[in-house]
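As structure tokens, the structure follows; a few thoughts come after it.
Values in this text are rule-based calculations from the coordinates and carry no lab data. Here the structure is a predicted model, which means the values were calculated and not measured. Positions of Cβ are backbone-derived with ideal geometry, glycine not excepted, and every protein chain shown enters the neighbour counts.
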Amino acid sequence: MIRTVFDYTGEISWCPGCGDYKILESLKMALDELGLDPHEVVVASGIGQAAKMPHYLKCHCVNGLHGRSLPLATGIKASNRSLTVIAVGGDGDMYGEGGNHFMHAIRRNPDITNIVCNNMIYGLTKGQGSPTTAVGMKTSTQPFGVTSRPLNPLLLALSCGATFVARASAADAEKTKNIIVQAIKHKGYALVDIFQPCVSFNKVNTWQWLSKSTKWLDEGRDASDKLEAMRLSMETDPYPLGIIYRSEQEKTFEESQAPYETGDDTPLYSRMPALENIRKLLD
């Protein structure tokens, strides 16, 4: 593992060979490259193996209920715009339990980065089919095969108005780091869906599958065409990796809130209302 100022020195409980190790490495490298200090970063998560990631980073972190990291991240960013806020979780946490929050966070366009560790299975609870599991895959609770069509999170994000949509692969930590850097720099909501294997419960979408079934897009391509982005998001043979879509034209959630409309960037937590206003409220 690359050593950075964000290193956590305790024990990590993921299975040997888990893709989360490489995603953690990419995230730490990205935060280092951006020149951030640990006190400037907040990582929010829900429940799951990927949601343990904040435990293994030396920075501020908060764990919420299953699927509830995006409301936490949105509120944290609105209360202190100087912070770099990241919401991280797995495909079940973000797209299953958190599916409703996922859609409405995109509509609001908060200036946060949403990293989804997508192993196409529930890893923490022993291998049930997740929202991104392929039809036909046999799991611990679907012994005859999954029958529901898998969710396409990239296409859903684009249709909801996401201003930054990307897919990466845990098999390439350096390229994934580059995408995370650009996502954090992006002004507005940024989705980074990262393919990774679950070595314990998913015997289909393995490290070998990643190398055979994905292809990196040209890094210099124009990613501003939304219709082209939607077309790319539906490709599966191979799955395209890279920045699928990027637009810098939308106002962020924070910019739309009354406390910031005057241009005052003072964090909400440090503002003291005038005493006369408090008296009026109490009266």
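Amide H contacts of Gly123: Gln49, each under 5 Å away and 5 or more positions distant or on a separate chain (H built 1.01 Å from N in the peptide plane; Pro and chain starts excluded). The residues Thr252, Thr9, when put in order of fewest to most other Cβ atoms within 10 Å, stand as Thr9, Thr252. In the list (1) 18.0, 58; (2) 19.2, 69; (3) 23.0, 78, the label attached to Rg and Dmax of the Cα atoms in Å as derived from the coordinates here is (2). Near the amide H of Arg81, within less than 5 Å, lie the amide hydrogens of Leu268, all on another chain or at least 5 residues away, with H placed in the peptide plane.
Region 210-283 and region 158-177 have Cα centres lying 13 Å from one another.
The Cβ shell under 14 Å around Arg81 holds other residues with a net charge of -3, Lys and Arg each +1, Asp and Glu each -1. For Lys215, the lysines whose Cα falls under 21 Å of its own Cα, not counting residues fewer than eight places away in the same chain, are Lys22, Lys175, Lys177, Lys203, Lys226.
Relative contact order for region 162-249: 38 percent, from Cα pairs under 8 Å spaced at least 6 residues apart, divided by residue count. Along the chain, the exposed loop sites are GluC sites (Glu not before Pro) outside DSSP states H, G, I, E and B with at most 12 other Cβ atoms within 10 Å, and the longest stretch free of them is 12-218. Across region 144-156, rounded Karplus estimates of 3J(HN,Hα) from the backbone phi angles (6.51 cos²θ - 1.76 cosθ + 1.60, θ = phi - 60°) give 9, x, 5, 10, 7, 5, x, 5, 9, x, 5, 5, 4 Hz, Gly and Pro being marked x. Estimated from helices alone, the mean residue ellipticity of the chain at 222 nm is -8000 deg cm²/dmol (sum of -39500 (n - 2.57) over DSSP H runs with n ≥ 4, per residue). Summing charges over neighbours of Ala162, with a neighbour being any other residue whose Cβ is under 12 Å away from its Cβ, gives +2 when K and R count +1 and D and E count -1.
Karplus-based coupling profile of region 128-139, in residue order and whole Hz: 7, x, 9, x, 10, 5, 6, 4, x, 5, 8, 10, with θ = phi - 60° in 6.51 cos²θ - 1.76 cosθ + 1.60 and x standing for Gly or Pro. Taking 18 Å as the cut-off, the amide N atoms of region 236-266 that come nearer than this to a point 7 Å along the Cα-to-beta-carbon line of Glu40 belong to 265-266. Considering only region 20-282, what is the antiparallel percent among its DSSP beta bridges, to the nearest 5? Given both bridge residues lie in region 20-282, the antiparallel proportion sits at roughly 15 percent. Please list the non-local residues whose amide H lies under 5 Å from the amide H of Tyr245, H modeled 1.01 Å from N, same-chain partners needing a gap of 5 or more. When sequence neighbours closer than 5 places are left aside, the close amide H contacts are Val165.
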